[in-house]
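Novice: Quick one: the structure is below, questions incoming.
The values are calculated or read from the model by the stated rules, or taken from the named source; none is laboratory data. Keep in mind that this is a model prediction, so the values were computed, not measured. Positions of Cβ are generated from backbone atoms using ideal geometry, with glycine treated the same way; all protein chains shown enter the neighbour counts.
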Amino acid sequence: MTTCGKSGALAPRASLSTRPPVLLFGTATGVLVTNLFAPQTLVGVMGASLGLAPMASGLMAMTTLLGYAAGLFLLVPLADVAPHRRLVLAMLAVAAVAAATAACSPFAALLLAALFVLGAASSVIQVLVPIAAAMVGPEIRGRVIGDIMGGLMVGILLSRPLASLLADTLGWRAFYAASAMASLALGRALVRGIPDRLPPPGPRYLDLIVSLGSLLRREPVLRRRAASAALSMAAFSLFWTAVALRLAQPPYSVGQRGIAVFALVGAAAAFITPWVGRAGDRGWTRPVTAISHLGMIGAFALAAWAGNTGHGSHASWIAMGLAAIVLDAGVTGDQTLGRRAVNLLDPAARSRINALFVGLFFLGGAAGSALAGLAWSLGQWQAICATGAALGLAALLVPGAPK
């Protein structure tokens with residue numbers, strides 16, 4: 001990779017002494033990803049305050065994810081043609097405006113439009129990851145991606161409980177006001193941490209968008225890792241969509257705040273991401289990927305036992321919490337190694353490859369949420385666990401990952 005100084009001259013690729021500020025990048029991804037998952041716990045209070053029916057309230061969580069998917073496929077490829085620093089700052093500014101609009105929206109139509117734009121602008125997450133990957137050599141790329149993914153996973157896992165607690169204390173609008181301020185603060189902090197790289201002359205933007213399909217056909221590693229990540233994310237969404245339903249039933253019988261506290265348990269899995277990234281750097285991608293998928297299968301087996309007990313004993317609570325940790329660890333391991341693998345592919349198309357990878361695994365997450373409703377209606381918690389184990393097995397059977 002090359003960078004442009006003020007004179008416009010090309011500078012050599014970043015060395016270890018110019019490593020990206022990993023803590024800052026990890027914090028930024030963790031903060032921004034809360035915009036995507038927090039609405040899942042806020043739709044009830046948001047819909048009630050705007051006079052929406054429960055079915056219409058669900059549009060708010062879906063709209064943010066639709067915006068994010070649009071950003072992945074339409075905005076992230078700009079990183080292959082636009083200066084990185086200016087692109088990141090522009091997307092963060094749009095995110096701040098959209099979040100502030102959401103916080104002040106007096107009616108549902110404006111709120112939905114703001115949430116769509118906020119989701120699209122939050123795809124800047126997938127601009128930051130390949131920027132960090134490009135700033136270091138391949139020998140430590142997995143470590144850097146793993147460290148940043150730790151921040152991302154903490155954001156994913158904490159977004160639901162933190163949003164619920166903030167809404168309980170200050171109201172749901174306070175979450176979006178905080179999001180707007182956080183985006184502005186991140187823009188100010190990141191301005192010094194991102195090189196204003198001007199990509200070399202290449203295809204036009206529209207040609208880049210069209211090229212997404214050919215990239216997917218050309219890169220078998222991308223296809224395999226995206227398939228594995230999509231199946232893993234489906235299992236993740238399946239569990240976290242349905243576990244609230246199970247915990248609300250006897251013998252657990254906890255309310256919304258208790259469910260939010262339970263969601264904190266899964267955050268422990270985020271601490272394995274640096275280790276997983278280092279394992280990939282040492283050539284252990286295949287065995288650690290297999291262990292991740294086996295862990296997911298085992299987690300659903302443990303969750304099935306915990307959810308089938310006739311009384312809410314300490315053992316059933318511990319088993320359900322352990323199942324959440326192991327499942328999240330397995331999903332985190334698969335995605336961290338997947339990101340490492342795809343970021344070692346064509347450097348000229350790194351942002352587009354990353355957008356495809358993440359976009360496809362988010363489609364898997366959406367499918368997992370849809371499966372949760374179907375499985376619950378057919379067999380409640382036991383059907384959920386059987387479906388989740390099947391998804392883990394399918395991920396395990398995806399043809400071999402790269403070393």
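Novice: Report every pair of residues separated by at least 6 positions or lying on different chains whose Cβ atoms are under 9 Å apart, first residue within region 312-333 and of a type in the set (Phe, Trp, Tyr), second assigned to a helix (DSSP H, G or I).
Specialist: 317/262; 317/306
Novice: Right, next: Out of 266, 321, 258, 298, I need the residue that is closer than 18 Å to residue 158 by Cα and modelled with pLDDT of 85 or more. Which one?
Specialist: Of 266, 321, 258, 298, the one residue that is closer than 18 Å to residue 158 by Cα and modelled with pLDDT of 85 or more is 321.
Novice: Oh, and also: Take residue 23 and tell me if it is surrounded by fewer than 20 Cβ atoms within 10 Å (Cβ to Cβ), under 18 Å from residue 122 (Cβ atoms) and either aliphatic (A, V, I, L, M) or at pLDDT 75 or above (or both).
Specialist: Spelling it out, it is not the case that residue 23 is surrounded by fewer than 20 Cβ atoms within 10 Å (Cβ to Cβ), under 18 Å from residue 122 (Cβ atoms) and either aliphatic (A, V, I, L, M) or at pLDDT 75 or above (or both).
Novice: Go through (1) outside any helix (DSSP H, G or I); (2) over 22 Å from residue 383 (Cβ atoms) for residue 325 and report which single condition fails.
Specialist: (1)
Novice: Do we find that residue 192 is assigned to a loop (DSSP other than H, G, I, E, B), over 18 Å from the mean Cα position of the chain (by Cα) and surrounded by fewer than 24 Cβ atoms within 10 Å (Cβ to Cβ) in this structure?
Specialist: Against the criterion (assigned to a loop (DSSP other than H, G, I, E, B), over 18 Å from the mean Cα position of the chain (by Cα) and surrounded by fewer than 24 Cβ atoms within 10 Å (Cβ to Cβ)), residue 192 qualifies.
Novice: Does at least one position in region 344-360 carry a residue that is at pLDDT 80 or above, under 18 Å from residue 125 (Cβ atoms), buried (at least 24 other Cβ atoms within 10 Å of the Cβ) and in contact with an Asp or Glu (Cβ under 8 Å, 6 or more places away or on another chain)?
Specialist: yes
Novice: Could you check how many residues of region 60-117 are more than 21 Å from residue 213 (Cα to Cα) and of a type in the set (D, E, K, R)?
Specialist: Total satisfying the criteria: 2.
Novice: Further, regarding this structure: Test residue 327 against the stated conditions and say whether it is crowded, with 24+ Cβ neighbours inside 10 Å, hydrophobic (A, V, I, L, M, F, W, C) and touching a helix residue (DSSP H, G or I) at 6+ places or on another chain (Cβ under 9 Å).
Specialist: Judged against the criteria, residue 327 is a match.
Novice: Then there is this: Answer yes or no: is there a residue in region 40-49 that is modelled with pLDDT under 75, in contact with a Gly (Cβ under 7 Å, 6 or more places away or on another chain) and not assigned by TED's automatic domain parsing to the domain that holds residue 187.
Specialist: No - not one qualifying residue is present in region 40-49.
Novice: Another question, then. Test each condition in (1) surrounded by 21 or more Cβ atoms within 10 Å (Cβ to Cβ); (2) in a helix (DSSP H, G or I) for residue 136 and report the one that comes out false.
Specialist: That leaves (2) as the condition not met.
Each row is one residue, and each column tells you yes or no for (1) under 25 Å from residue 164 (Cα atoms); (2) of a type outside the set (Asp, Glu); (3) at pLDDT 85 or above; (4) over 20 Å from the mean Cα position of the chain (by Cα).
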residue: 31; (1), (2), (3), (4): yes, yes, yes, no
residue: 76; (1), (2), (3), (4): no, yes, no, no
residue: 82; (1), (2), (3), (4): no, yes, no, yes
residue: 88; (1), (2), (3), (4): no, yes, yes, no
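Novice: Here's another thing I want to ask about it. Quick check: is even one residue across region 66-84 outside any helix (DSSP H, G or I), touching a Phe, Trp or Tyr at 6+ places or on another chain (Cβ under 9 Å), in contact (Cβ under 8 Å) with a residue 12 or more places away in the chain and over 27 Å from residue 237 (Cβ atoms)?
Specialist: yes
Novice: Quick one: is residue 338 out of contact with any Gly (no Cβ under 7 Å at 6 or more places or on another chain), buried (at least 24 other Cβ atoms within 10 Å of the Cβ), assigned by TED's automatic domain parsing to the domain that holds residue 220 and closer than 30 Å to residue 210 by Cα?
Specialist: yes
Novice: State whether the residues of region 227-245 include one that is surrounded by fewer than 19 Cβ atoms within 10 Å (Cβ to Cβ), part of a helix (DSSP H, G or I) and either touching a Phe, Trp or Tyr at 6+ places or on another chain (Cβ under 7 Å) or not assigned by TED's automatic domain parsing to the domain that holds residue 354 (or both).
Specialist: Among the residues of region 227-245, at least one is surrounded by fewer than 19 Cβ atoms within 10 Å (Cβ to Cβ), part of a helix (DSSP H, G or I) and either touching a Phe, Trp or Tyr at 6+ places or on another chain (Cβ under 7 Å) or not assigned by TED's automatic domain parsing to the domain that holds residue 354 (or both), which makes the answer yes.
Novice: Among the numbered conditions (1) surrounded by 22 or more Cβ atoms within 10 Å (Cβ to Cβ); (2) without any contact (Cβ under 8 Å) to a residue 60 or more places away in the chain, tell me where residue 107 comes up short.
Specialist: Checking residue 107 against (1) surrounded by 22 or more Cβ atoms within 10 Å (Cβ to Cβ); (2) without any contact (Cβ under 8 Å) to a residue 60 or more places away in the chain, the one that fails is (1).
Novice: Take residue 230 and decide whether it is closer than 23 Å to residue 278 by Cα and either acidic (Asp, Glu) or at pLDDT 85 or above (or both).
Specialist: So residue 230 passes the test.
Residue by residue, here is whether (1) over 21 Å from residue 343 (Cβ atoms); (2) more than 20 Å from the chain's Cα centre (by Cα) holds:
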{"residue": "234", "(1), (2)": "yes, no"}
{"residue": "237", "(1), (2)": "yes, no"}
{"residue": "249", "(1), (2)": "yes, yes"}
{"residue": "253", "(1), (2)": "yes, yes"}
{"residue": "262", "(1), (2)": "yes, no"}
{"residue": "266", "(1), (2)": "yes, no"}
{"residue": "281", "(1), (2)": "no, yes"}
{"residue": "284", "(1), (2)": "no, yes"}
{"residue": "296", "(1), (2)": "yes, no"}
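Novice: Could you check region 172-199 and list, in sequence order, the residues that are small (Gly, Ala, Ser) and at pLDDT below 85?
Specialist: Once the filter is applied, which keeps residues that are small (Gly, Ala, Ser) and at pLDDT below 85, region 172-199 yields only 193.
Novice: In region 90-118, what residues are over 20 Å from the mean Cα position of the chain (by Cα) and either of a type in the set (Phe, Trp, Tyr) or farther than 27 Å from residue 47 by Cα (or both)?
Specialist: Once the filter is applied, which keeps residues that are over 20 Å from the mean Cα position of the chain (by Cα) and either of a type in the set (Phe, Trp, Tyr) or farther than 27 Å from residue 47 by Cα (or both), region 90-118 yields 90, 107.
Novice: Here are 173, 218, 224: which of them is in contact (Cβ under 8 Å) with a residue 24 or more places away in the chain, over 15 Å from residue 358 (Cβ atoms), in the same structural domain as residue 258 (by TED's automatic domain parsing) and over 18 Å from the mean Cα position of the chain (by Cα)?
Specialist: Result: 224 is the single residue among 173, 218, 224 that is in contact (Cβ under 8 Å) with a residue 24 or more places away in the chain, over 15 Å from residue 358 (Cβ atoms), in the same structural domain as residue 258 (by TED's automatic domain parsing) and over 18 Å from the mean Cα position of the chain (by Cα).
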